[in-house]
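Derivation of every value follows stated rules applied to the coordinates shown; laboratory data play no part. Just so you know, these numbers come straight off a predicted model, no measurement behind them. Here the Cβ is made from the backbone with ideal geometry for all residues, glycine too, and neighbour counts use every protein chain on show.
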Amino acid sequence: MKNVINDTYRGWNIAVSAEHNMCSNFFFDITDPSGRTQHVSMGGDNEKRALERAREMIEMEIAFNSED
């Protein structure tokens, strides 16, 4: 069973797991408050970077949604 790190950021859920994929060692899934999930298979070299990248992606999604 994979070790999953779960976090919540600005109402979104983040799940980070270890899995080697090309040049990345971690992937993450982000789920918005409405339940829509996005998967990023090349999340980062380590847990910390994958979590940072997930938060950056959430910030980008929120910014895009505020433009509508």
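Brief remarks on what is shown
- The gain in end-to-end length when the T31 to E19 segment is fully stretched comes to 2.4 nm, 0.36 nm per residue minus the alpha carbon separation.
- Crossing angle, helix 47-66 versus the chain [Cα axis fit, 0-90 degrees, rounded to tens]: 20
- Dividing the helix sum by the residues of the chain, where each DSSP H run of 4 or more adds -39500 (n - 2.57), gives a mean residue ellipticity at 222 nm of -10000 deg cm²/dmol.
- Label-point separation, M60 to Q38 (7 Å along Cα→Cβ), nm: 0.7
- Rule-of-thumb Rg ratio for the chain [Cα; 2.2 N^0.38 Å; N residues]: 1.09
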